[in-house]
Amino acid sequence: MKLPVEEKARLEKLCHQFRIDLIETLHQRQTGHPGGSLSVLEILTTLYFTQMDVDPANPKKPDRDRLVLGKGHAAPALYRVLAEKGFFPVEEMATLRCLDSRLQGHPNPLDTPGVEITSGPLGIGLSAALGMALAMKLDGLDKRVYCVLGDGEINEGTIWEGLMAAVKFKADNLCAILDWNGVQLDGVTEDIMPMHNIPERFASFGWHVIQCDGHDIEALYEALETAKTVKGVPTIILAHTVKGKGVSFMEGKNAWHGKAIDDASYEQAMKELGGVL
Ligand SMILES: Cc1ncc(C[n+]2csc(CCOP(=O)(O)OP(=O)(O)O)c2C)c(N)n1
Ligand SMILES: [Mg+2]
């Protein structure tokens, strides 16, 4: 199935607006994680606007698809997409990380409508997502669980335990998406902990592996559509992305992993994105 051209254009425009809005919020609040939020935007947007069955009016309806943001530090991107879906007002983004705000630095399902599980400690998301996927099967629900992982996050041993278990339990309603931006908090992922042959590694654990451009909404859509047809094993989409995507001086730079945006950088970023200062 093809994504209609108008829908693709609409979602691309949305992602551009999300980039501007995130720079605005993170500058205003002087906190947050720009790099990993900018790299995951198309992934989250494609999931929420072309795939997932969720209802902002009834966030806990039992027969829903679920998303686990393993790389929980990209919460600002998740919040912006959830706000656009209607889970809470977009204006609430201005309260990011304020005391008593529903939008904390890492996702919290007790406070934030649309958030499924706490994440932040890297490595816990995949196993949690697997538990949800298996529970859905036990409940006879034909729904899916998506788990977005960072490429630094997959250094964690718990990820590899989850990968094994998902194959053993034939969790074909589980789809992981790797935000493969090549950079983590303090450097290039291949330097911090070399993980050669990433596609072969996942395949050798028994997962169905798909690769695509993680900033190309059509490619993501097609990968997600294909994943739904894979039976008997879970699928991982290795989405090639750029950390800090869209802001030249942030792209590929671990320095922008979790840095507050100063005034000069804010002005430069807004100029590049065509945002209003
Ligand atoms: C268990 C654990 N160890 C360390 C950290 C600190 N930390 C937060 S983000 C991050 C790097 C994550 O890199 P990656 O998964 O590649 O994320 P992205 O590049 O998408 O931002 C680290 C080490 C953490 N949150 N959890
Ligand atoms: Mg990374």
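Since every read-out is calculated from the coordinates, none of them should be taken as a lab result. The structure presented is a predicted model; accordingly, all values stated were derived computationally and were not measured. For neighbour counting, all protein chains shown are included, and Cβ atoms are generated from backbone atoms with ideal geometry for every residue, glycine included.
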Q: Compute the convex hull volume of the Cα atoms of the chain, divide it by the residue count, and report the result per residue in Å³ as a whole number.
A: 117 Å³
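What does the C-alpha gyration tensor say about the overall shape of the stretch 119-189? Classify as rounded when a/c is under 1.5, otherwise prolate if a/b is larger than b/c, or oblate. Don't skip to the answer; put the middle values down first.
Values: a/c = 2.63, a/b = 2.26, b/c = 1.17.
Prolate.
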Q: Quote the charge dipole size of the stretch 5-273 about the Cα centre in Debye, to the nearest 20; the model charges only the Cβ of Lys and Arg (+1) and of Asp and Glu (-1).
A: 580 debye
Q: For the chain, set up a Gaussian network in which alpha carbons nearer than 10 Å are linked by springs, and say which option among ALA227, ALA133, ALA264 fluctuates the most.
A: ALA264
Q: Provide the gained length on full extension for the span GLU272 to GLN17, in nm with one decimal, where the gain is 0.36 nm per separating residue minus the Cα-Cα distance.
A: 90.5 nm
Q. Taking only DSSP H segments of four or more residues, each worth -39500 (n - 2.57), what value at 222 nm results for the chain once the sum is divided by all its residues, to the nearest 500 deg cm²/dmol?
A. -12000 deg cm²/dmol
Q: Run through the DSSP bridge list for the stretch 178-277 and note the antiparallel percent, rounded to the nearest 5.
A: 20 percent
Q.
Tell me whether the stretch 1-149 comes out rounded, prolate or oblate; compute the Cα gyration tensor, take square roots of the eigenvalues as a ≥ b ≥ c, and use a/c under 1.5 as the rounded threshold.
A. oblate
Q.
Residue by residue through the stretch 35-45, what is 3J(HN,Hα) from phi via Karplus (6.51 cos²θ - 1.76 cosθ + 1.60, θ = phi - 60°)? Round to whole Hz and write x for glycine and proline.
A. x, x, 6, 5, 6, 9, 4, 5, 4, 5, 5
Q. Under the Kirkwood approximation for Rh and a Cα-based Rg, what ratio Rg/Rh is obtained for the stretch 161-277?
A. 1.08
Q | Pair ARG201, THR95: separation of 7 Å Cα→Cβ label points (nm) | A | 4.0 nm
Q.
I want the antiparallel fraction of DSSP beta bridges within the stretch 5-273, as a percent rounded to 5.
A. 10 percent
Q) Rounded to the nearest 0.05, what FRET efficiency do THR226 and LEU138 have when you use their Cβ-Cβ distance and R0 = 25 Å? A) 0.45
Q. For ASP262 and PHE169, FRET efficiency with R0 = 41 Å and r from the beta-carbon atoms, rounded to 0.05?
A. 0.30
